[in-house]
1. Once both axes come from the Cα atoms, what is the angle between helix 118-134 and the longest principal axis of the chain, in degrees from 0 to 90, rounded to 10?
2. Which one, 96, 62, 129, has the greatest fluctuation when you compute a Gaussian network model over the chain with C-alpha springs under 10 angstrom?
3. In vacuo Debye scattering of the stretch 5-134, one point per C-alpha: log10 I(q)/I(0) at q = 0.23 Å⁻¹?
4. Can you bin the stretch 102-203 into rounded, prolate or oblate? Criterion: square roots of the alpha carbon gyration tensor eigenvalues sorted a ≥ b ≥ c, rounded for a/c under 1.5, prolate for a/b above b/c, oblate for the rest.
5. Could you work out Rg/(2.2 N^0.38 Å) for the stretch 1-59, with Rg from alpha carbons only?
6. Against the longest principal axis of the chain, how steep is helix 250-268, in degrees 0 to 90 to the nearest 10, with axes from Cα atoms?
7. Please say if the stretch 149-247 is rounded, prolate or oblate, where rounded means a/c under 1.5 for a ≥ b ≥ c the square roots of the C-alpha gyration tensor eigenvalues, and otherwise the choice is prolate for a/b larger than b/c and oblate otherwise?
8. Ignoring everything except DSSP H segments at least 4 long, calculate the 222 nm mean residue ellipticity for the chain; use -39,500 (n - 2.57) per segment, divide by total residues, nearest 500.
């Protein structure tokens, strides 16, 4: 078995409030899942459309104390182990560490196992936890039962600022948390990891300043960002199309949705710091 995947997140709330959000059913139904059956330390289960293989609760609580929540999670016939642990980061913030076993990045690339979505799934979940505890509107999560991907979010920033933030290499690299280089014109390159590190970049299909940005991701389909402004705010619509509906690229979609959550915070939160830490 490979080493566990580790994610660290900075949650802008005191550690005691984060601990409560990890076990309280009312909190969990807001940021984690549509359906929750939790009575810590006796049981911890969650399911629904936004949970991988969420037809029923497939979790089994292993351990819970003031610092750590650990549970087994049956995914694609394998019992994985997820662990969330909290540590204070001063009086008003918390470092939450997520450990997840049975994650193989090749499953993300090939789509062979639903476990390939776990990295981007947890990125979505942790950014939603931060949004919830900040009292902000939550970014939608990926629906793992659907072959459609269309999300609308409201951003408290004017259209030109939002458009710059999704087409400028330096800005996108900051909020997405990963090096990205973009040639923001029709026929330009969009390179995850940068031009030097990515010999097969995606292709920019369309750029309409302050209105529309379209990228061809290859097998993952075509991503379209549409912007509409009103009263100094922006409605951003993200649509994915042109993929193989037999194997929807859920892992990629989840990555973009966690990115959209961070884009909103980048543009709206004073003294912004990313939730997911490098």
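1. It is inclined by approximately 80 degrees.
2. Highest fluctuation of the listed residues: 62.
3. -1.58
4. Oblate, because a/c is 1.5 or more while a/b does not exceed b/c.
5. Taking N as the residue count of the stretch 1-59, the ratio is 1.26.
6. Orientation of helix 250-268: about 80 degrees from the principal axis.
7. oblate
8. Computed mean residue ellipticity for the chain: -8000 deg cm²/dmol.
Taken together, the values in this text are just the output of simple stated rules run on the coordinates, not laboratory data. All of these numbers come straight from a predicted model, not from anything done at the bench.
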